[in-house]
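**Student:** Take this structure, written in structure tokens, and hold onto it; I'll ask about it next.
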Amino acid sequence: MASLLSIGSVFAQIGNILLAILVLLLMITIHEFGHYTAGKLLKFKINEFSVGFGKALFSKTKKNGEVFSIRLIPLGGYCAFEGEDTNNENADSFNAQAPWKRLIVLFSGAFFNFLSAILLSVILLAVVGNGQVKVVSVDGINNSVEKLQVGDVITHANGEKLSFLNGGLSGITADVKIDEDIKLTIIRNGEKMEVIVQKYAVMEDGKEVGKFGITTSYQNFSFGQACLQAVPFSFQMAWECLVILGQLLIGVYGLQDIGGPITTIGAMANASAVSMLNYLLLIPLIAVNLAVFNLLPIPALDGAKMVFVLIEWIRGKPINRDLENKIHTVGLILLFGFVVLVDLLHLFVY
């Protein structure tokens, strides 16, 4: 019986990993579809739209010569424009187009990721909420019915708004000591008020753990509220991404705190094993991360390509195309090597 359960667990984890790969592939495909859509609208010549890398498993050529393909390695994709990475500047080539057109095409990948994050955030906020919780039961020693009641919605802790991005109630109060006052802002029967509660000590697995003495569930938004909140919530996610990148640069975080696609897939699989609802937060977060990351001025990324186009627009002539292509090629190799290194460290060291 135990072996059957073990086999079931393995298959469940494999299923979670496959689902995580599909989600990541979907986000990358949305990014490339942004480039494709902008290119089509602006009359760029597109040679191929590919889902995945490596050997083509399926390929179809349209009447206009565009190739649509599905490839073996499901960890990427691309939209290949005529002459994008060459010195070929015939009338149909990417680099022969006006700089403002190229900027739009390059920006559109990240823009589509951000649009998808907004739409997915509507679902998250309508189904789960944004970290605010409703009191389901009050059973603690220090939290009497006069302080917290069933139905209370907790919106803030110690003045900080509850959000999935800051860990919610448990994240904000993680460092609060036992018997230390915590100021909660609650909504009770439509009225906002503040109450003071304390953690109290209970023993779990031989360790002293602080508890509030309440059971909570996430408080979701109405569909209309979710639509209104989705845009600022997505911008908040983008800002948090930039903050974390800044902290990486100054050494607040190390390599153990970041990961490549394999680490991301593993984290998503583990999160889905806990609850499929975790995907409702993870997917828009990944979409925003892709948008922000691709706009960074790192060689081989859209952000760096946009910088070169802006320089060309200002100068009135491009930087040597061979030099630019070499910079992007070296950047791609270094970026790929860094991603592989980080994933290997997570697999064998951390």
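The values are calculated or read from the model by the stated rules, or taken from the named source; none is laboratory data. This structure is a prediction, so every number in the text was calculated from the model and none was measured. Positions of Cβ are backbone-derived with ideal geometry, glycine not excepted, and every protein chain shown enters the neighbour counts.
**Student:** For region 163-184, name all the residues that are among the aliphatic types (A, V, I, L, M), surrounded by fewer than 15 Cβ atoms within 10 Å (Cβ to Cβ) and more than 20 Å from L281 (Cβ to Cβ).
**Tutor:** Residue satisfying the conditions is I178 alone.
**Student:** So, I187, is that one more than 30 Å from I283 (Cα to Cα) and either at pLDDT 90 or above or of a type in the set (A, V, I, L, M) (or both) or not? Walk me through how you get there before you give the answer.
**Tutor:** Details: more than 30 Å from I283 (Cα to Cα): no; either at pLDDT 90 or above or of a type in the set (A, V, I, L, M) (or both): yes.
It is false that I187 is more than 30 Å from I283 (Cα to Cα) and either at pLDDT 90 or above or of a type in the set (A, V, I, L, M) (or both).
**Student:** When you look at K43, is it part of a loop (DSSP other than H, G, I, E, B) and modelled with pLDDT of 90 or more, yes or no?
**Tutor:** yes
**Student:** Which one of the conditions (1) at pLDDT 90 or above; (2) on the phi < 0 side of the Ramachandran plot does V10 fail to meet, given that it meets all the rest?
**Tutor:** In the conditions (1) at pLDDT 90 or above; (2) on the phi < 0 side of the Ramachandran plot, V10 misses (1) alone.
**Student:** How many residues are surrounded by 17 or more Cβ atoms within 10 Å (Cβ to Cβ), of a type in the set (A, V, I, L, M, F, W, C) and outside any helix (DSSP H, G or I) if we restrict to region 299-331?
**Tutor:** Residues that pass the stated criteria total 2.
**Student:** Still on this structure: Out of everything in region 149-191 that is touching a Phe, Trp or Tyr at 6+ places or on another chain (Cβ under 9 Å) and polar (S, T, N, Q), what residue ends up being nearest to S121 (Cα to Cα)?
**Tutor:** S163
**Student:** Given the conditions (1) of a type in the set (S, T, N, Q); (2) under 18 Å from the mean Cα position of the chain (by Cα); (3) more than 16 Å from Y36 (Cα to Cα), report the number of the one that N87 does not fulfil.
**Tutor:** (2)
**Student:** Just to check your reading of the model, which residue among N90, N95 is outside any helix (DSSP H, G or I), at pLDDT below 95 and either under 27 Å from N320 (Cα atoms) or in contact with a strand residue (DSSP E or B) (Cβ under 9 Å, 6 or more places away or on another chain) (or both)?
**Tutor:** None of the others qualify; the one that does is N90.
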